1. Could you size up the charge dipole of the range 159-219 around its Cα centre, putting +1 on the beta carbon of Lys and Arg and -1 on that of Asp and Glu, and report it in debye to the nearest 20?
2. Along the positive direction of the dipole of the range 100-219 (beta-carbon charges: Lys, Arg +1; Asp, Glu -1; about the Cα centre), which of Val100, Pro179, Ala116 reaches farthest?
3. Any idea what the dipole of the range 44-137 comes to, in debye rounded to 20, about its Cα centre with Lys/Arg Cβ at +1 and Asp/Glu Cβ at -1?
4. Using a 10 Å Cβ count of at most 15 others and DSSP loop calls, identify the longest part of the chain lacking such trypsin sites (Lys or Arg not before Pro).
5. What residue among Leu144, Trp192, Ile211 has its Cα farthest toward the positive end of the dipole of the range 116-219, where the charges are +1 on Lys, Arg and -1 on Asp, Glu, each on the Cβ?
6. Hey, what's the range 67-188 come to in accessible area per residue, 1.4 Å probe, Å²?
7. When only the heavy atoms of the protein chains count and the probe is 1.4 Å, how do Ser40, Ser122 rank by accessible area, highest first?
8. If I take R0 = 25 Å and measure r between the Cβ atoms of Asp12 and Val72 in this structure, what FRET efficiency does the formula 1/(1 + (r/R0)^6) give, to the nearest 0.05?
Amino acid sequence: MDQNESLAIPSDESILDAGAGECQFAQYCSHLNYSSQDFSQYNGEGDGKGIQTGEWNTSSIDIVSDITSIPVKEGAFDNVLCTEVLEHVPDPVAALKELVRVLKPGGRLIVTVPFASLTHFSPYHFASGLNTHFFTHWSKVLSLELQEFLQNGNSFEFLAQEAIYSENVSRQYNGPHTPLKVKLAKRVFLAWLKKASSDASGSKELLAFGIHFVGRKKQ
């Protein structure tokens, strides 16, 4: 959620930032009745595997709980925000059901997830991402009326991102030296990906950076 989207929510409505972590979206919600929830067990170091943040401060969290069992009454919030969280939950379906439970009828659920991602925040990383069919299926089951659905990027842009990041991965796991011919080959590959991306049609269904979903709980 960005500032423009948050400002589209009427002033004084309530919003729950579920899995809020360091509450980075609180700054956009000053006109709202903002509450944050997190299990507050990740410390930035995790188990040292994959990508870690180094530091992680959840001292500002209002509700410390499991995301599948939030201690508030049914229909407590006008809006629920859950961004880049479901991949860190052992049972994302149970989490989604709970977020719908705490949402008022007619309320709005805003979710973002990676379509595919590297291991991060380990050991609290349980899925590489979720796709279109996950949201199509569960929005129907949970009586959510689709408001917005965006897939960010496409297959070629995703591959370009990973090609750029490959040198960091190589330095971490293979040592600091990358052969010159590999660097040159990467430049050629990236140039082709840029051209292929501009010509792509429908490749975001195959692979994308992530998904932005907004659903309204039916009355």
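1. It comes to approximately 200 debye.
2. Val100
3. The dipole of the range 44-137 has a size of about 360 debye.
4. Here the longest segment lacking exposed loop sites spans 74-217.
5. Trp192
6. Accessible area per residue, the range 67-188: 52 Å².
7. Result, largest first: Ser40, Ser122.
8. 0.85
The values are calculated or read from the model by the stated rules, or taken from the named source; none is laboratory data. Since this is a predicted model, take the numbers as computed values, not measurements. Don't worry about glycine lacking a Cβ; one is built from the backbone with ideal geometry, like all the others, and counts go over all protein chains shown. SASA here: full protein model, heavy atoms, side chains in, ligands and nucleic acids out. Shrake-Rupley method; radii C 1.70, N 1.55, O 1.52, S 1.80 Å.
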